[in-house]
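**Student:** Mind looking over this structure? Questions follow.
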Amino acid sequence: MKVGNNTFYYQYEPSLLDSLEAQEIQAPYNCRAGYCGRCKVRLLTGEVKYLDEGMVDLKEEEILTCICVPKTHIEIEIPED
Amino acid sequence: MSYTTFNPKSFDSTKEPMFFGQNVNVARYDVQRYPIFEKLIEKQLSFFWRPEEVDLSTDRKDFIDMPEHEKHIFLSNLKYQTLLDSVQGRSPNVAFLPIVSIPELETWLETWAFSETVHSRSYTHIIRNIVTDPSVIFDEIVTNPEIVKRAESVTRLYDELIRLTSIQNVHGYGVHTIDDVEYDCTLWNLKCKVYLTMVSVNVLEAIRFYVSFACSFAFAERAIMEGNAKIIKLIARDEALHLTGTQYIINTLGSGADDEEFKEVAAACREEAIALFAEAAEQEKEWAKYLFRDGSMIGLNAQILSEYVEYITNVRVQAVGFEEIFPARQNPLPWMNAWLSSDNVQVAPQESEISSYLVGQIDNSLEDGDFDDFDF
């Protein structure tokens, strides 16, 4: 997967957020359970698989990193803090 | 039209707007206009906890050993939290239930407010455990000018909305003069008040509470008052749900998807809504100065807390579609995330409810062939 200019491999971490953290990529989060919406990022290309049902109103290209994993090669954009 | 507790009319509640449609009649959840409220209710119920589950015996000792200026920080913060939950334990019900038109939203409001009453009970539990006479602390909530000032701003819009809807309930929609005072109870103005009240509630839950959480967790970062932090962590987990709810309502109303006119209402109230966030941020910064007036504590001072206020305000205004108010900055209290994450509520299973544990949940996804390779 690709974040900005960094490309790396998803290594079956429990969630996309865990995977980002394993790569030491700063990604926002709070609840880690799909209800606070803090981990929202933009999915530029590819698909993700949700492991849990989110409770946040998402725009079409937005995903919650704490409750999904990559399904294909993905490229995401993390909002500036 | 005055409020009725069981609307005798037959109508399709999935066609009703969130507010100012028909009064709700049957509390049914098989058909829903907004399934998110049902999900929030389920999550909130799975979060159920009781303050007594958390042992506070070491907190008492920690509190006694604290220097005076830290006692001031701890107690002032606790008083402020008590005030906020006193308001939240009743106000969503009193303000919104008479005007709500959707069963799942009505039930969410009640579930939400109920959980706030658990928070209020937990403050009593904390205070009882750390001081011998809780009255000293509770009584000061209504006499301390710093707290009273803030009580006024967290309750102003709630009270205005309640006043206007009460008058509308008796006199109907329109502008009414009572005892030489004019009350604008037009549907437009009531919608403006609902929108702004919802923003004000979001400010309370998403900014004011989080600033107070930062103080509670700052003590626990130093391994003191850990029982208190454990309770505040459970409260924070609930508040994250509540703010998701208010953000959803604000965004849905503002988009016009629920009620076309609300889109214009949101546009007309935009400046005032942003001002509510800005005003709260200023008050929280003032509060930070008051908290740390006699001295800072390790890891937190007025400056850092003010920076956190700016950071969290930016995050929250963006979540409801407004521009950032303060210059963009990194989270000055990165350790907050560990405390706010629900996965890390570290209590033994027998001590507390686990959010992911639901009683009576059975895996029904079995096929006829699943036992084919099973031999006796």
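Coordinate-derived values only; no laboratory data. As the structure is a prediction and not an experimental result, all values here were calculated from the model. Every residue, glycine among them, receives a Cβ derived from its backbone with ideal geometry; neighbour counts consider all protein chains shown.
**Student:** Using the Kirkwood formula over every pair of different C-alpha atoms, what hydrodynamic radius in Å results for chain A?
**Tutor:** Details: mean 1/r = 0.0811 Å⁻¹.
For chain A, inverting the mean 1/r across all distinct Cα pairs yields 12.3 Å.
**Student:** Say the dipole of the protein assembly as shown comes from +1 at the beta carbon of Lys and Arg and -1 at that of Asp and Glu; which of B:Phe322, B:Leu75, A:Leu64 then lies farthest toward its positive end?
**Tutor:** B:Leu75
**Student:** Among rounded, prolate and oblate, which fits chain B when a ≥ b ≥ c are the square roots of the eigenvalues of its C-alpha gyration tensor, a/c under 1.5 means rounded, and a/b larger than b/c means prolate?
**Tutor:** Values: a/c = 1.78, a/b = 1.13, b/c = 1.57.
Oblate.
**Student:** Based on the alpha-carbon gyration tensor of the protein assembly as shown, what equivalent-ellipsoid semi-axes (square roots of 5 times the eigenvalues) come out, in whole Å, largest first?
**Tutor:** On the way: eigenvalues 227, 202, 112 Å².
That gives 34, 32, 24 Å for the three semi-axes.
**Student:** Per 0.36 nm of contour for each residue apart, how much would the distance between B:Ala267 and B:Arg156 grow if the chain were fully extended, relative to their Cα-Cα spacing? Before the final figure, lay out each step's value.
**Tutor:** Values: separation 111, 0.36 × 111 = 39.96 nm, distance 2.12 nm.
Roughly 37.8 nm would be gained on extension.
**Student:** Hey, another quick one. What is the spin-label model distance, in nm, from B:Asn7 to B:Ser57 if the labels are put 7 Å beyond Cα along the C-beta direction?
**Tutor:** 5.4 nm
**Student:** Can you work out the FRET efficiency for the pair B:His171 and A:Ala22, with r the C-beta to C-beta distance and R0 = 60 Å, to the nearest 0.05?
**Tutor:** Values: r = 62 Å, r/R0 = 1.04.
The formula returns an efficiency of 0.45 here.
**Student:** Right, next: How do B:Phe326, B:Phe292, B:Phe11 line up, fewest other C-beta atoms within 10 Å first? Walk me through the intermediate numbers first.
**Tutor:** Details: B:Phe326 15, B:Phe292 23, B:Phe11 12.
The fewest-first ordering by Cβ neighbours comes to B:Phe11, B:Phe326, B:Phe292.
**Student:** Using a 7 Å offset from Cα along Cα-Cβ at B:Val181, what residues in the stretch B:82-118 end up with backbone N under 13 Å from the label point?
**Tutor:** The answer is none.
**Student:** Moving on to the next point. Where nothing but the Cβ of Lys and Arg (+1) and of Asp and Glu (-1) is charged, how large is the charge dipole of the stretch A:2-77 around its Cα centre, in debye to the nearest 20? Before the final figure, lay out the partial values.
**Tutor:** On the way: 8 positive and 13 negative charges, 8 e Å.
Once rounded to the nearest 20, the dipole reads 40 debye.
**Student:** Oh, and also: From Cα pairs below 8 angstrom and at least 6 apart in sequence, can you work out the relative contact order of chain B, rounded to a whole percent?
**Tutor:** Numbers: 449 pairs, mean separation 75.0, N = 376.
So the answer I get is 20 percent.
**Student:** Further question: If the chain between B:Glu146 and B:Glu38 were fully stretched, how many nm would it gain, using 0.36 nm times the residue separation less the Cα-Cα distance? Intermediate values should be presented prior to the final figure.
**Tutor:** On the way: separation 108, 0.36 × 108 = 38.88 nm, distance 3.81 nm.
That works out to 35.1 nm of additional length.
**Student:** Per 0.36 nm of contour for each residue apart, how much would the distance between B:Ile298 and B:Arg329 grow if the chain were fully extended, relative to their Cα-Cα spacing?
**Tutor:** Working: separation 31, 0.36 × 31 = 11.16 nm, distance 2.19 nm.
Gain in length upon complete extension: 9.0 nm.
**Student:** Mind jotting down the distance between the C-alpha centroids of the stretch A:23-70 and the stretch B:26-77, whole Å?
**Tutor:** The stretch B:26-77 and the stretch A:23-70 have Cα centres spaced 25 Å from each other.
**Student:** How do B:Val142, A:Val41 line up, fewest other C-beta atoms within 10 Å first?
**Tutor:** Details: B:Val142 11, A:Val41 20.
Listing B:Val142, A:Val41 from fewest to most nearby Cβ atoms yields B:Val142, A:Val41.
**Student:** What is the Cα convex hull volume of the stretch B:183-310 when expressed per residue in Å³?
**Tutor:** Values: hull volume 15.0 nm³, N = 128.
Convex hull volume per residue, Cα atoms: 118 Å³.
**Student:** So for B:Tyr158, B:Tyr3, fewest C-beta neighbours within 10 Å to most, what's the order?
**Tutor:** Values: B:Tyr158 22, B:Tyr3 13.
Ascending Cβ contact count within 10 Å gives the list B:Tyr3, B:Tyr158.
**Student:** Find the relative contact order for chain A and round it to a whole percent, using C-alpha pairs within less than 8 Å whose residues are 6+ positions apart.
**Tutor:** Rounded, it is 37 percent for chain A.
**Student:** For B:Asp372 and B:Ile274, FRET efficiency with R0 = 41 Å and r from the beta-carbon atoms, rounded to 0.05? Please list the in-between numbers first.
**Tutor:** Values: r = 63 Å, r/R0 = 1.54.
According to the calculation, E is roughly 0.05.
**Student:** May I pose another question? Given points 7 Å out from each Cα along the Cα-Cβ axis, report the B:Ser255 to B:Val136 separation in nanometres with one decimal.
**Tutor:** That separation, rounded to one decimal, is 5.2 nm.
**Student:** Based on DSSP H runs of at least 4 residues, each adding -39500 (n - 2.57), what is the mean residue ellipticity at 222 nm of the protein assembly as shown after dividing by all its residues, to the nearest 500 deg cm²/dmol? It would help to have the intermediate numbers written out before the result.
**Tutor:** On the way: 13 runs with 235 residues, N = 457.
Taken over the protein assembly as shown, the calculation gives -17500 deg cm²/dmol.
**Student:** Shifting gears a bit: Quick one: Karplus J couplings for the stretch B:7-15, per residue in order, coefficients 6.51, -1.76, 1.60, θ = phi - 60°, nearest Hz, x for Gly and Pro?
**Tutor:** Karplus-based 3J(HN,Hα) across the stretch B:7-15 equals 5, x, 5, 9, 7, 8, 5, 6, 9 Hz.
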